[in-house]
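Scroll down for the structure; my scribbles are underneath it.
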Amino acid sequence: MYIIAIAWLYVVLLMSLTEASWVAGVATFFFYGVFPLSVLLYLIGTPQRRRNRQRREASEAPPPRSRPGLDPDQ
């Protein structure tokens with residue numbers, strides 16, 4: 001997936017270099033490349049972030065307690 005993102009940024013960079021002014025070039029690079037790509041990569045990465053959060057919460061959870069009456073410390 002990242003190779004496609006890199007290729008798209010390359011295409012947009014070449015598009016921005018052909019603009020008439022540097023302001024138009026920066027705007028083209030930002031509005032055709034950086035902004036849409038960042039939104040797309042954020043949305044595509046959402047399931048992985050959710051799995052990482054669930055895995056982290058499961059590892060931080062306290063171990064289950066034993067039933068009352070079976071615990072010798074009580």
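For the reader, a short list of remarks on this structure follows.
- What the Cβ-Cβ distance of TYR10 and ALA58 gives, at R0 = 30 Å and to the nearest 0.05, is a FRET efficiency of 0.15.
- In the stretch 2-58, the C-alpha radius of gyration followed by the widest Cα-Cα span (Dmax) gives 15.8, 55 angstrom.
No value in this document is a laboratory result; all are computed from the given coordinates. Since the model is a prediction, treat every value here as computed from it, not as a measurement. Cβ coordinates were reconstructed from backbone atoms using ideal geometry, including for glycine residues, and neighbour counts include every protein chain displayed.
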